[in-house]
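What follows is a set of notes on a single structure, which appears directly below.
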Amino acid sequence: MNFNVRVIPKASRTEVKNENGILKVRLTKPACGGLANFQLTEVLADHFKVKKYQVKILKGLASRNKLIEIDDGRTASSKK
């Protein structure tokens, strides 16, 4: 599953909201040093009930707008 995500770093609290088909994620960590990206993978893994390694940032490593892939194990390649 792929999602468009809008990240708001240095927020007062962590929160995930769906606004018009785009996930808006507030993070408490700053964007410098990749801290916000690391927290984003943790927050989304918890939100979607998957492992952290199943959350991948496909586009937007240095941007607030990101394309995220969640590998939930339901892909066609996993069926044999």
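Does segment 21-44 contain at least one residue that is among the charged types (D, E, K, R) and loosely packed, with under 12 Cβ neighbours inside 10 Å? Can you show your working first?
First, pick out the residues of segment 21-44 that are among the charged types (D, E, K, R): 24, 26, 29, 42.
This time we only want the ones that are loosely packed, with under 12 Cβ neighbours inside 10 Å, so: none.
So far as segment 21-44 goes, no, none of its residues is among the charged types (D, E, K, R) and loosely packed, with under 12 Cβ neighbours inside 10 Å.
List, please: which pairs have Cβ atoms under 6 Å, are six or more places apart or on different chains, and start with a residue in segment 41-63 that is in contact (Cβ under 8 Å) with a residue 24 or more places away in the chain and end with one that is of a type outside the set (Lys, Arg)?
Going by the 6 Å Cβ cut-off, the qualifying pairs are VAL43/THR14; LEU44/VAL55; HIS47/VAL16; PHE48/ILE70; LEU58/LEU67; LEU58/GLU69.
Considering each of ARG74, ARG13 in turn, give the residue that is modelled with pLDDT of 95 or more, exposed (fewer than 13 other Cβ atoms within 10 Å of the Cβ), assigned to a loop (DSSP other than H, G, I, E, B) and basic (Lys, Arg). Quick ask: steps written out before the conclusion?
Details: ARG74 fails: modelled with pLDDT of 95 or more.
Residue meeting the stated conditions: ARG13.
Which of (1) surrounded by 13 or more Cβ atoms within 10 Å (Cβ to Cβ); (2) under 17 Å from ARG6 (Cβ atoms) does LEU58 not meet, given it meets every other one?
Of the numbered conditions (1) surrounded by 13 or more Cβ atoms within 10 Å (Cβ to Cβ); (2) under 17 Å from ARG6 (Cβ atoms), the odd one out for LEU58 is (1).
How many of the residues making up segment 6-25 are of a type outside the set (Asp, Glu) and closer than 13 Å to HIS47 by Cα?
The number of residues fulfilling the criteria is 7.
Which numbered condition trips up LYS66, out of (1) surrounded by fewer than 11 Cβ atoms within 10 Å (Cβ to Cβ); (2) in contact (Cβ under 8 Å) with a residue 12 or more places away in the chain; (3) basic (Lys, Arg)?
(1)
Would you be able to tell me the number of residues in segment 1-10 that are part of a loop (DSSP other than H, G, I, E, B) and either closer than 22 Å to ASP71 by Cα or under 14 Å from the mean Cα position of the chain (by Cα) (or both)? Lay out the reasoning, then the answer.
Initially, segment 1-10 is screened for residues part of a loop (DSSP other than H, G, I, E, B), giving 1, 9-10.
Right, trim to either closer than 22 Å to ASP71 by Cα or under 14 Å from the mean Cα position of the chain (by Cα) (or both) and you get 1, 9.
Total meeting the criteria: 2.
Only one residue in LEU61, LEU40 is part of a helix (DSSP H, G or I) and under 23 Å from LYS10 (Cβ atoms), so which one is that?
Exactly one of LEU61, LEU40 is part of a helix (DSSP H, G or I) and under 23 Å from LYS10 (Cβ atoms), namely LEU40.
The values are calculated or read from the model by the stated rules, or taken from the named source; none is laboratory data. As the structure is a prediction and not an experimental result, all values here were calculated from the model. Counting neighbours? That spans all protein chains shown, and the Cβs are built from the backbone with ideal geometry, glycine included.
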